[in-house]
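We did not get these values from a lab; they are worked out from the coordinates using the rules stated. What you see is a predicted model, and the numbers here were worked out from it, not measured in a lab. Using ideal geometry, Cβ is built from the backbone for each residue, glycine included, and neighbour counts are taken over all protein chains shown.
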């Protein structure tokens, strides 16, 4: 066995070249690409970590916002509830007040209505009584419509205060005697006599006719009015009916 | 009839230089590897295709072996160890091509490879530890060991040469003999065994080179037993 030194030298050279070939075409490019991939993966991981951090921060922010919104919602709800309660109370109070007012108004209206109705009824009653009286009076003797009231008239004049009586019947202030129908001369004379007797002096008397008296006499002086007629009586009764019922 | 595996046939001359069979086969391997690797690695991307994935896996496995054996960053040693493994592997398996004899079946190729390992051990040892530091490792654990350490340096280089040469040459030899006796089908199991031997020897050579480099740069030479992968006795 012998060693071919030329072959040994060439193979040593070849091994050196092989080192370069493998380094140039295999190990260096593959190691480079592995390193680049590693760097890319690191970058992606860093980015993912950054994104995760950002997401966590965002989540925390969202949580804070949610808490704030929740608190605000609670506050708004409480405010709204309080406001609603106050409004409800105000409405209820208004309603109660309105109801009370309406009830009072209704009561007043009822009373007024009742009074109006009473007045109407009383008016009707008085008209009815007037009508009845008129019809009844139509059946009485004609003279009675005057003569039956002369005594009453004299008595009423006699009850007048002295100072009132003193001014009655002066010539410049004639007494006005109103009757339900035209007085006859005799009746007129009788009335004048009676008045002169009671007043103690002569009087000037003017006569007038007013059928609405129904029956009786009314004496009108400047400071006095003596009403002695059915109309006056009926008016008194009517007033009493209306105001005392 | 095959020639003796121990002889080296000169195919032609370039000037005064005789170019022998293993040199030409090695050139062929170099050409094929250059072309193949250039095609495979000219468009590497972040998203690896199948070919790129296989290449990356090979590099990762080599890196892993270096890291495991030397406990250091594999980058400076990747080219050396990877080249040794891949070249020996391809050279051993080149016997599959009819008429091609593996260059590693010739002692000159193995000697060149072992010399490379020896030189690399020296280079990395001095680069990492400095000249003085590297020389001091010969006096460990005591100066008495200096002659033994020097002898060990030489013998282990020779053991690399002889181990690879013996295994590959014997495989070629056996196949040649069997082929001359019974040409059809009979050598196939032996050829398969030869492939297995070739792969194992490539691995052993590379891992031993790693261990030698590791011992040179870590300073534990002599204290660490040399791992001996199971060897085949062909």
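Remarks
- Unique match (being within 60 Å of the chain's Cα centre (by Cα) and either within 30 Å of residue B:59 (Cβ to Cβ) or free of Cβ contacts under 8 Å to residues at least 60 places away in the same chain (or both)) among A:68, A:28: A:68
- Filtered residue count, segment B:125-147, keeping only those that are free of Cβ contacts under 8 Å to residues at least 60 places away in the same chain, surrounded by 12 or more Cβ atoms within 10 Å (Cβ to Cβ) and over 26 Å from residue B:77 (Cα atoms): 1
- Among the residues of segment A:1-26, the one identified as in contact with a strand residue (DSSP E or B) (Cβ under 9 Å, 6 or more places away or on another chain), at the interface with chain B (Cβ under 7 Å from one of its Cβ atoms) and surrounded by fewer than 20 Cβ atoms within 10 Å (Cβ to Cβ) is A:6.
- Selection from segment A:27-36 of residues that are at the interface with another protein chain (Cβ under 7 Å from one of its Cβ atoms) and either surrounded by fewer than 17 Cβ atoms within 10 Å (Cβ to Cβ) or outside any helix (DSSP H, G or I) (or both): A:36
- Single condition residue A:82 does not satisfy, out of (1) facing chain B (nearest Cβ under 10 Å); (2) out of contact with any strand residue (DSSP E or B) (no Cβ under 9 Å at 6 or more places or on another chain); (3) farther than 30 Å from residue B:48 by Cα; (4) assigned to a helix (DSSP H, G or I): (1)
- For segment B:183-210, residues that are over 15 Å from residue B:166 (Cα atoms), in a helix (DSSP H, G or I) and over 13 Å from the mean Cα position of the chain (by Cα) total 6.
- Evaluation of residue B:181 against (1) closer than 29 Å to residue B:11 by Cβ; (2) within 14 Å of chain A (Cβ to nearest Cβ) (one fails), failing number: (2)
- Checking each residue of segment A:97-118 against the condition of being more than 30 Å from residue A:207 (Cβ to Cβ) and in contact (Cβ under 8 Å) with a residue 60 or more places away in the chain gives at least one match.
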